[in-house]
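First, the structure itself, so that you have it in front of you.
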Amino acid sequence: MEKRLLQKTTAWERCNHWILALSFIVLFLTGLGFLYQSLNWINTVFGGNHLAKEIHRWGGLVFAISLILTMGNYFAEAVSFTEEDKKWLSSLGGYFSRTEEPPPQGRLNAGQKLFYLVVVLIFGLAISLSGFMLWFFNTSRGLILFAHFLHNLSYIVFAFAVPLHIYLSTAANPGTLRVMTRGTVSAAWAKKHHGKWARDMGVD
Amino acid sequence: MAALAESFGRGAMTNHWIDIRNSDVILIMGSNAAENHPVSFKWVMEARKKGAKLISVDPRFTRTSAKADLYAPLRSGSDIAFLNGMIKYIIDNELYDEFYVKHYTNAPFIVNKDFKMPGELDGVFSGYDPKKRKYNKKAWAFQKDENGVIRKDMTLQDPYCVFQLLKKHTSRYTLDMVEKITGTPKDKLVEIYKTYASSGKPDRSATIMYAMGWTQHTVGTQIIRTMAIIQLLLGNIGVSGGGVNALRGESNVQGSTDHCLLFHILPGYLKTPRASQQTLTEYNNKYTPKTNEPMSANWWGNYPKYSVSLLKAHYGAKATPENEFGYEWLPKLDDGQNASWIMLFHEMLLGKFKGFFAWGQNPACSGTNAGKVRKALAKLEWMVNVNLFDNETGSFWRGPGMNPSEIKTEVFQLPCAASCEKEGSITNSGRWAQWRYKAADPPGEAKPDSWIINELFWRVKRLYEKEGGVYPDPVVNLAWDYGPKTPEGKVRVIDPHAIAREINGYFLEDKVIKGKLFKKGTLVPSFAYLQDDGSTSSGNWLYCGSYTEKGNMMARRSKKDPTGLGLYPEWSWCWPVNRRILYNRASVDLNGRPRNPKRPVIYWNGSKWVGDVPDGGWPPLINKAKTRLAFIMKPAGVAHIFGPGRADGPFPEHYEPLECPVQENPLSKSHRINPAVKLFFEVEDGQEKPRKGGGLPEDIFATYDSRYPYVATTYRVTEHWQTGVLTRHLPWQLEMMPQIFVELSPELAKEKGIRSGDKVIVSSARGKVWAIAIVTNRFRPFKIMDKTVHQVGLPWCFGWQYPEDGSGGDSSNLLTPTIGDANTMIPETKAFMVNIEKA
Amino acid sequence: MALEQVDIKRRLSGVDVPTRRKGLLVTPELCIGCRGCQTACKEWNKLPGDRTVNRGTYENPPDLTPNLFNRIRFVEVGSGDALKWLFISQRCMHCTDAGCMKVCPAPGALYRTDEGAVAFNKDKCIGCKFCVAGCPFNIPRYDEQGRVAKCHLCSDRIAYGLQPACAKTCPTGAIRFGDREELVSYAKNVGFKSLYGMNDLGGLGVLYAFKEKPSYYGLPDKPDFAPTISLWKGILKPLALIGLGGALAAAATHYITVGPKETDEGGEE
Ligand code: HEM
Ligand code: SF4
Ligand code: SF4
Ligand code: SF4
């Protein structure tokens, strides 16, 4: 079998993703520092509550822009739900078996689509919008209370989902990280994880 | 004070602040204690906690009224009608304390048969001279027997006995009449009368807390007299929880009055000599009362001891028997001269003064008819303004309506220390002289008053010594030993302790009194030891005992309270002789047993009195030979229900204020206003004009005049002190009360198209001020003589000079009239007529 | 000195003061509206006076400000003989369930002292202004830098065994300071069966002895903060940590048990 590399992401997509990823980490950590007295030292590392606040706000802006761009990148694929996705879901992506392989998937598998739809689209919008509300409309009691709740709820969702996402993108599926480093994947990887896409890309 | 001295003998709060907690009924009328004496409310609230009823009577619903069990509005200036109605109610319903009335008052005294009262003489008592506007008080004399002893009827039945006369006099004050005059609804009157009169029983007591709301009227003295009579009828004087309690307007008014703030008294309420009293003997004879009453202590019989000891304190070794202890050097008033506040500024405007020390005062705002005061200041050559801050007085020449280029008055500003920046005593309303220590140094160039006086005295004295002058003796002979001196003889720093000791008094030679030797130079333990031979000195006999060989009694701070009544006998010191409740021997029965066993102030244990310091140590009344009557400062030994010493009548009668909303006095056609007040301006045959031999155009007034249809009164607020000189400079105080306001009822506001927060102009015949309208249900329209009468009120604690942008407004005294009480000349600032319009 | 440091300083100073929960008992019945407390608070906290105007009422300033921690409201109710004039102290209640603390995203900005007061530390405050939304009584205010300011129960006085400035000044006992339990029993003794704040929000540090319903005095009858705050603070916030830990643990477990989905690259060679 020839050693062939398939282009999975554009350079642009990768750059944006790293912006997203890094801003998220900053937001996530400063967020932790804000939330928990015991983790307040994190904010000290960021230069104290005040600096941390500024970082969180402006980081949030970067994150939100990056997030919106990310949405554009995957929207079309994520909303198209196919037979394969159904199968992927019913076998839970094969992640709970050493042997079971999920049915061949398109460029995004059903899990990724879900992650995109739920975490990125819904809660991404929620966390960004509520963040801006808290930032700019903090004179309205009702708005603050609503936004505060939404922001924190979204935060939790992210706190669950993103680490899993990272795991799946790295350790759980060796070779995946290349998507975000080089943009290319091996044909073998493509066949294994995104069989349908591989086929579409001309890998047998 | 005049009323209290007339009624009981001493011009001071009879009880003291803490004792208010022992009352069963508290009447707050003519004062607004919650706002102006907030700390007193601690005790009011304690009393209420124990079930006492609090009554508030005031033209407007105040912060005091907000805490009251019973509130009733009354029109400003109608207090006597309200209270005479209460006397009638008490007598009609026999709610008075008969034992008390018989033994401790002059109710049984029989008055001359030709004595007539306003009911018979259309508004005046016998002896009135309309030309002089004065009474001949001889017409009010008591009948006497062949020994010169007053005739009495202990059954109180004689038609000419004081009790029957009082009954007759007040019979005109029916509920209907009182309601028509005061505007207080009848049911409220009855409710209040009933509640208050419940204290007529020996085991109950009621107290009255009054202040400037009573004194600042043309009938001020008589309002207080009315209340004194009520208290005597109910047996509330000398008992715990009772008394007539004058709330002084400043923390140390009592002290300054004791030490002769007023023109007509010397320290300790000795009289200022008059020009006709050429010798000390004449002077002493004039003011030493005599009595033929066998059981009267007649304490003022000691007058010469106190006057001579005062002269010894003034002039020291220079005061000798040969020169009548320097009596000649004392300044004297002309006979009949009145040098009260109103007169001072009146004469100042007439150009009779060269210079003026405005020391710790702000007459340009506090003086009645302040516009006149401001004009008067411009007539001075020089003025010295001693104050913490510059004020409307010091800066009068650049005030509103003034043209600085035309004013020649040279003004010197001397910044002085605040009370907490110096050591000394203050005497509170309850006569407690409390020593205070210095907390901080005065800022900048500010100096204590004593420093300023010392410099002044030294320089003036030196000038007299060097240049002579018309009459240097009073100044160069003054003793001035208040601290270590420079080689030239100037006192370096005034030592407040030296002054306190001089006030207390020394033995000036070795002296044996009542078998006891007192060494020369030691402090006199009590005024009972003062002498009229020059062997003792005392700067103020009332304070003799305040600083003794035992130390500074005023600095004591023990919280011992053996009686449980809150007398705290070892906390500071109170005059006289540390007696906390005056006239306390009126609280016992003939055997010296407390009539109220629940709250015994004193009792006779068979050989001596136990409890408070007794008001006279003599045995109880049962011991006819040795006893002395309870009111030792009155010549007849009893309190005065009938008060023949006042200028305007032995009983209080309602007269209208100078400016009022009715055409005539509802009670008498001929005498609308107090017939004995000094008039500055008059209306004769419809012609308004300054009164001959006195008045000025500035003294104009307008009564029952459609241009000024609303009754007005002035007051203070908790947030500011007096004219606000001290408090307007405090941003915290100004933040709470930033601007002058006028309070009015929603009814009047509607008529005038005024809304809360609007800027309005309040004007009287004399001037106008702008104010922010507070439209409030706390003011309501009155029905006076069947007509609707509106009242408004405004505070006088603002002035144009600070805040500097003028945002505070000016003094409401620009509106008040030139007229004063018949006895004291205290200005009538609590009832006058105004108009109010939207600005 | 930041209020928080007071605690440390006090411990170092060796002043031995009991750290039982302290509180205030406010009795409008006794209040004469003298506003000594309003001024004393400013004095102790070195707060400047603001320029105001008379708005047609004695009440001033019109609202709490970052320079005004304690304000007496003047409320006229009714008219004629039924007229009442109420004076009610408005200030932080030092709630046990403090909405302000629950929403505060800056740990240490609002903190609980040993005496149970809810104090603040301006240095830690990030000026997000969430706490006023979290407060059922609309208490916290913000200075020009946006930092929180409110009554802190004079935590820098009570830590040394002194009374709060307002209580110390009050002439009538309308503001009474003491151990919270003792205040409750004292109020019972003088005839107040139930106190406002006895159980509300887990028990308020500032108790009100009311004769009428709380709403009569302008306070919420049943004070509470938005349900989302309790949902967040009580359930979700702990969840976030669990979530994070759980996600990590799940990943690790998966890696160890199921193992990664290796791509069979070797076969390609
Ligand atoms: C350190 C943090 C992150 C790492 C290492 C990481 C890694 C990756 C990798 C390797 C992919 C490609 C997966 C594939 O195409 O199969 C990916 C995709 C993606 N990532 Fe991330 N990511 C991180 C954080 C985030 C965050 C914070 C978000 C959004 C809030 C996010 C949203 C996405 C989306 C929407 C995709 C495309 C769809 C998908 O693969 O599920 N990522 N990421
Ligand atoms: S009253 Fe408001 S600011 Fe005070 S503790 Fe309660 S929630 Fe916090
Ligand atoms: S407790 Fe202290 S900070 Fe709070 S209102 Fe009273 S004085 Fe102000
Ligand atoms: S100090 Fe006391 S009486 Fe005065 S306003 Fe404050 S709470 Fe009321």
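Mind listing whichever residues of region B:201-217 are open to solvent by less than 10 Å² (accessible area, probe 1.4 Å) and closer than 25 Å to B:Val162 by Cα?
Within region B:201-217, B:Ser205, B:Ala206, B:Thr207, B:Ile208, B:Trp214 qualify.
Take the residues in region C:30-48 that are within 9 Å of chain B (Cβ to nearest Cβ) and among the aliphatic types (A, V, I, L, M), then tell me which one is farthest from ligand 2 (Cβ to nearest atom).
Residue satisfying both the conditions and the ranking: C:Ile32.
Please work out if B:Thr105 is farther than 26 Å from B:Phe651 by Cβ and open to solvent by less than 10 Å² (accessible area, probe 1.4 Å).
no
Might you let me know whether region C:136-145 holds any residue that is within 14 Å of chain A (Cβ to nearest Cβ), within 30 Å of C:Arg55 (Cα to Cα), surrounded by fewer than 19 Cβ atoms within 10 Å (Cβ to Cβ) and within 9 Å of ligand 2 (Cβ to nearest atom)?
Yes; the residues of region C:136-145 include at least one that is within 14 Å of chain A (Cβ to nearest Cβ), within 30 Å of C:Arg55 (Cα to Cα), surrounded by fewer than 19 Cβ atoms within 10 Å (Cβ to Cβ) and within 9 Å of ligand 2 (Cβ to nearest atom).
Now for a separate question. Go over the candidates B:Ile740, B:Ile761, B:Ile754, B:Ile772 one by one and state the one that is free of Cβ contacts under 8 Å to residues at least 60 places away in the same chain, more than 30 Å from B:Glu684 (Cβ to Cβ) and in contact with a strand residue (DSSP E or B) (Cβ under 7 Å, 6 or more places away or on another chain).
The match here is B:Ile772.
Further question on the same structure: Does region B:62-70 include one or more residues that are open to solvent by less than 10 Å² (accessible area, probe 1.4 Å) and assigned to a helix (DSSP H, G or I)?
There is at least one residue in region B:62-70 that is open to solvent by less than 10 Å² (accessible area, probe 1.4 Å) and assigned to a helix (DSSP H, G or I).
Follow-up. Give region A:120-161 a look and list any residue that's within 30 Å of C:Ala251 (Cα to Cα), within 9 Å of chain C (Cβ to nearest Cβ) and of a type in the set (Gly, Ala, Ser), or say none.
A:Ala159, A:Ala161 - these are the residues of region A:120-161 that are within 30 Å of C:Ala251 (Cα to Cα), within 9 Å of chain C (Cβ to nearest Cβ) and of a type in the set (Gly, Ala, Ser).
Going residue by residue through region B:170-177, is there one that turns out to be crowded, with 20+ Cβ neighbours inside 10 Å, of a type in the set (Ser, Thr, Tyr) and under 27 Å from the mean Cα position of the chain (by Cα)?
Among the residues of region B:170-177, at least one is crowded, with 20+ Cβ neighbours inside 10 Å, of a type in the set (Ser, Thr, Tyr) and under 27 Å from the mean Cα position of the chain (by Cα), which makes the answer yes.
Follow-up question, since we're still on this one. How many residues are assigned to a loop (DSSP other than H, G, I, E, B) and open to solvent by 50 Å² or more (accessible area, probe 1.4 Å) when one looks only at region C:155-191?
Count: 5.
Of all residues in region B:152-167, count the ones that are touching a residue at least 24 places away in the same chain (Cβ under 8 Å) and surrounded by 16 or more Cβ atoms within 10 Å (Cβ to Cβ).
11
Within region B:320-347, how many residues turn out to be in contact with a His (Cβ under 7 Å, 6 or more places away or on another chain) and among the hydroxyl-bearing types (Ser, Thr, Tyr)?
So the answer is 0.
Here is a follow-up. Wholly within region B:407-507, which helices (runs of 4 or more DSSP H) include no fewer than the required count, namely at least 3 residues that are under 24 Å from B:Glu250 (Cβ atoms)?
B:449-467, B:496-504
Also, I was wondering about something else. Which count do you get for residues in region C:117-142 that are within 15 Å of ligand 3 (Cβ to nearest atom) and more than 10 Å from the chain's Cα centre (by Cα)?
Number satisfying all stated conditions: 3.
Counting residues that are modelled with pLDDT of 85 or more and surrounded by 20 or more Cβ atoms within 10 Å (Cβ to Cβ), which helices (runs of 4 or more DSSP H) fully inside region A:139-196 reach at least 3?
Where helices (runs of 4 or more DSSP H) fall fully within region A:139-196 and carry at least 3 residues being modelled with pLDDT of 85 or more and surrounded by 20 or more Cβ atoms within 10 Å (Cβ to Cβ), they are A:141-169.
Counting just the residues of region A:38-76 that are outside any helix (DSSP H, G or I) and touching a helix residue (DSSP H, G or I) at 6+ places or on another chain (Cβ under 6 Å), which one comes out most open to solvent (accessible area, probe 1.4 Å)?
Of everything passing the filter in region A:38-76, A:Phe46 is most open to solvent (accessible area, probe 1.4 Å).
Here are some residues: B:Leu726, B:Leu730. Which one is open to solvent by 10 Å² or more (accessible area, probe 1.4 Å) and away from chain C (no Cβ under 11 Å)?
B:Leu726
Would you call C:Ile72 over 17 Å from C:Ala149 (Cβ atoms), open to solvent by less than 10 Å² (accessible area, probe 1.4 Å) and within 14 Å of ligand 3 (Cβ to nearest atom)?
yes
Right, another one. For B:Ala831, are the conditions met, namely being farther than 30 Å from B:Val124 by Cα, surrounded by 24 or more Cβ atoms within 10 Å (Cβ to Cβ), in contact (Cβ under 8 Å) with a residue 12 or more places away in the chain and in contact with a Leu (Cβ under 9 Å, 6 or more places away or on another chain)?
no
Here is a list of conditions, (1) open to solvent by 20 Å² or more (accessible area, probe 1.4 Å); (2) away from chain A (no Cβ under 14 Å); (3) more than 16 Å from ligand 2 (Cβ to nearest atom), and C:Asp123 meets all of them except one; can you say which number that is?
Result: C:Asp123 passes all but (2).
Taking region C:49-58 as the search range and keeping residues that are surrounded by 18 or more Cβ atoms within 10 Å (Cβ to Cβ) and in contact (Cβ under 8 Å) with a residue 12 or more places away in the chain, which one is nearest to the other protein chains (Cβ to nearest Cβ)?
Among them, the one singled out is C:Gly49.
Right, here's the next one. Of all residues in region B:777-817 being among the polar types (S, T, N, Q) and either crowded, with 23+ Cβ neighbours inside 10 Å or assigned to a strand (DSSP E or B) (or both), which is farthest from the other protein chains (Cβ to nearest Cβ)?
B:Thr816
For region C:251-269, give me the residue count where each residue is open to solvent by less than 70 Å² (accessible area, probe 1.4 Å), at the interface with chain A (Cβ under 7 Å from one of its Cβ atoms) and modelled with pLDDT of 75 or more.
Summing the residues that are open to solvent by less than 70 Å² (accessible area, probe 1.4 Å), at the interface with chain A (Cβ under 7 Å from one of its Cβ atoms) and modelled with pLDDT of 75 or more in region C:251-269 gives 2.
Right, something else. Given the conditions (1) part of a helix (DSSP H, G or I); (2) more than 11 Å from every other protein chain (Cβ to nearest Cβ); (3) more than 30 Å from B:Tyr543 (Cβ to Cβ), which single one is not true for B:Pro59?
Answer for B:Pro59: the failing condition is (1).
Answer with yes or no whether C:Met93 is within 15 Å of ligand 2 (Cβ to nearest atom) and either open to solvent by 40 Å² or more (accessible area, probe 1.4 Å) or hydroxyl-bearing (Ser, Thr, Tyr) (or both).
The answer is no for C:Met93.
Considering only residues that are in contact (Cβ under 8 Å) with a residue 40 or more places away in the chain and more than 9 Å from every other protein chain (Cβ to nearest Cβ), which ones fall in region C:209-229?
Matches in region C:209-229: C:Ala209, C:Phe210, C:Lys211, C:Tyr216, C:Tyr217, C:Gly218, C:Leu219, C:Pro220, C:Pro223, C:Asp224.
Something else now. Scanning for something more than 9 Å from chain B (Cβ to nearest Cβ), modelled with pLDDT of 90 or more and more than 10 Å from ligand 2 (Cβ to nearest atom), does region C:81-88 turn up at least one residue?
The answer is yes; a qualifying residue exists.
Looking at (1) open to solvent by less than 50 Å² (accessible area, probe 1.4 Å); (2) within 12 Å of chain C (Cβ to nearest Cβ), can you tell me which one B:Ala765 breaks?
Exception for B:Ala765: condition (2).
Check C:Gly116, C:Gly178, C:Gly161 and return the single one that is away from every other protein chain (no Cβ under 13 Å), more than 29 Å from A:Met133 (Cα to Cα) and within 15 Å of ligand 2 (Cβ to nearest atom).
Testing whether each residue is away from every other protein chain (no Cβ under 13 Å), more than 29 Å from A:Met133 (Cα to Cα) and within 15 Å of ligand 2 (Cβ to nearest atom) leaves just C:Gly116.
Right, next: Restricting to region B:7-34, and then to whatever is open to solvent by 10 Å² or more (accessible area, probe 1.4 Å) and of a type in the set (D, E, K, R), can you tell me which residue is modelled with the lowest pLDDT?
Across region B:7-34, the extreme among qualifying residues is B:Arg10.
The values are calculated or read from the model by the stated rules, or taken from the named source; none is laboratory data. Not measured: the values here are computed from a predicted model. In this analysis, Cβ positions are derived from the backbone assuming ideal geometry, glycine residues included, and neighbour counts consider all displayed protein chains. Note: accessible area is taken over every heavy atom of the protein model, side chains too, but ligands, DNA and RNA are not part of it. Shrake-Rupley method; radii C 1.70, N 1.55, O 1.52, S 1.80 Å.
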